[in-house]
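**Student:** Let me begin by handing over the structure; questions about it come next.
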Amino acid sequence: MFVRKLSLSASAAIALLGVAAATSWAGPIYSWNWNAGDPGSLSNNGGRINWVETTFDTNSNTLSWYGNFGNGTRLRTDGFTLTLRSGDSPRTAAGEVAQLYFDGRGLATNPTQVPKLTAYGHNGLTYYSSYMDGAPQAGVQAPDRLATSTPPASAWVHSMTAQVNGDGSRTFGFEIDVTDIVDHSPAWPGTNAWSGIGFGESIGLYMQTFGGLQTSYADGYLTGWSRSAEGFLEISNGSTETVTDPVPEPATLTLLGMGVAGLFGSRLRKRRQA
């Protein structure tokens, strides 16, 4: 009878190890960097684009994006819009995406100015009109508003950066939780699937930069976005890097620990019985 109990204990431990092996493992964190001179379609008409650094954590849906613009010349970047996905550029690829609007124009008069960030469903047409037109149908439809950093803001914005550097360039950026954006159901669903925002083993992006930016807001969302100068950076199927290798989730580690402990205990009891 005692031997049978030992056998059951060992079997249970093996089963636990099997369950642990079948559980999900944490996903990777992807990163992508771009510097002036690297491949990509580029226009510096909205201010020189010097570099971009971005990461996407597939576990927490945390997106970080930082860019450096200008070099102290008269043409200064005041803000940008961004669409981002895996694969081809979202400007040409099928699929509905989110569009972010980063407003850092207050730096021109106030170095401590807090930037503003809003997100909208992209209408598939002009890349800086989604804030006022949410659908590709003829005429102007209601915008598909996703999130705002200003009241009534949620906790989706972890941090934002807007600063003037010693060389006259400007660094803009943010770290945000895009879970609700990824899970969003478009207000104007089309024939193509919603891909939201984020990237994986490849990156496709379309970023427009703006000089002479003028903006207005109501209820935390844009009511006006005009500019005197405009540029862009476009990437299709850019190669990303994996920052971290997949690691077991906490539940998996617990099961593994229980399984190993069970096997160890079973072997120890067998040794004593012998």
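**Student:** Quick check, is Asp88 farther than 16 Å from Ala147 by Cα, among the acidic types (Asp, Glu) and under 11 Å from the mean Cα position of the chain (by Cα)?
**Tutor:** Working: farther than 16 Å from Ala147 by Cα: yes; among the acidic types (Asp, Glu): yes; under 11 Å from the mean Cα position of the chain (by Cα): no.
For Asp88, the condition - farther than 16 Å from Ala147 by Cα, among the acidic types (Asp, Glu) and under 11 Å from the mean Cα position of the chain (by Cα) - is not met.
**Student:** Moving to a separate point now. Which of the residues spanning the stretch 177-220 are in a strand (DSSP E or B) and surrounded by fewer than 20 Cβ atoms within 10 Å (Cβ to Cβ)? Let's see the steps before the verdict.
**Tutor:** Here is the first cut: in the stretch 177-220, the residues in a strand (DSSP E or B) are 177, 194-196, 202-211, 214-218.
Those that are in a strand (DSSP E or B) and surrounded by fewer than 20 Cβ atoms within 10 Å (Cβ to Cβ): Asp177, Trp194, Ser202, Gln214, Ser216, Tyr217, Ala218.
**Student:** So, Trp65, is that one over 17 Å from Val157 (Cα atoms) and in a strand (DSSP E or B) or not? Before you say what the answer is, go through the steps one by one.
**Tutor:** Working: over 17 Å from Val157 (Cα atoms): no; in a strand (DSSP E or B): yes.
Spelling it out, it is not the case that Trp65 is over 17 Å from Val157 (Cα atoms) and in a strand (DSSP E or B).
**Student:** Let me ask another. Might you check whether a residue that is under 24 Å from Asn68 (Cβ atoms), without any contact (Cβ under 8 Å) to a residue 24 or more places away in the chain and either of a type outside the set (A, V, I, L, M) or not in a loop (DSSP other than H, G, I, E, B) (or both) occurs anywhere in the stretch 126-133? Give the derivation first.
**Tutor:** Here is the first cut: in the stretch 126-133, the ones under 24 Å from Asn68 (Cβ atoms) are 127-128.
If we keep only those that are without any contact (Cβ under 8 Å) to a residue 24 or more places away in the chain as well, we get none.
No - not one qualifying residue is present in the stretch 126-133.
**Student:** To continue, here is another question. Output the number of the condition that Leu107 fails; it satisfies all remaining conditions of (1) out of contact with any helix residue (DSSP H, G or I) (no Cβ under 7 Å at 6 or more places or on another chain); (2) over 15 Å from Tyr217 (Cα atoms); (3) part of a loop (DSSP other than H, G, I, E, B); (4) at pLDDT below 90.
**Tutor:** (3)
**Student:** Exactly one condition in (1) closer than 20 Å to Ile29 by Cα; (2) touching a Gly at 6+ places or on another chain (Cβ under 7 Å); (3) at pLDDT 95 or above is not met by Thr209; state its number.
**Tutor:** Single failed check for Thr209: (1).
**Student:** Give all pairs with beta carbons closer than 9 Å in which a residue from the stretch 174-189 that is free of Cβ contacts under 8 Å to residues at least 24 places away in the same chain meets a residue that is of a type in the set (S, T, N, Q); count only pairs at least 6 apart in sequence or on separate chains.
**Tutor:** Final answer for the pair search is Asp183/Asn61.
**Student:** Provide a single number: the residues in the stretch 127-163 that are under 20 Å from Asn110 (Cβ atoms) and modelled with pLDDT of 90 or more.
**Tutor:** Residues meeting the conditions: 7.
The values are calculated or read from the model by the stated rules, or taken from the named source; none is laboratory data. This structure is a prediction, so every number in the text was calculated from the model and none was measured. All Cβ positions, glycine included, derive from the backbone under ideal geometry; neighbour counts span all protein chains shown.
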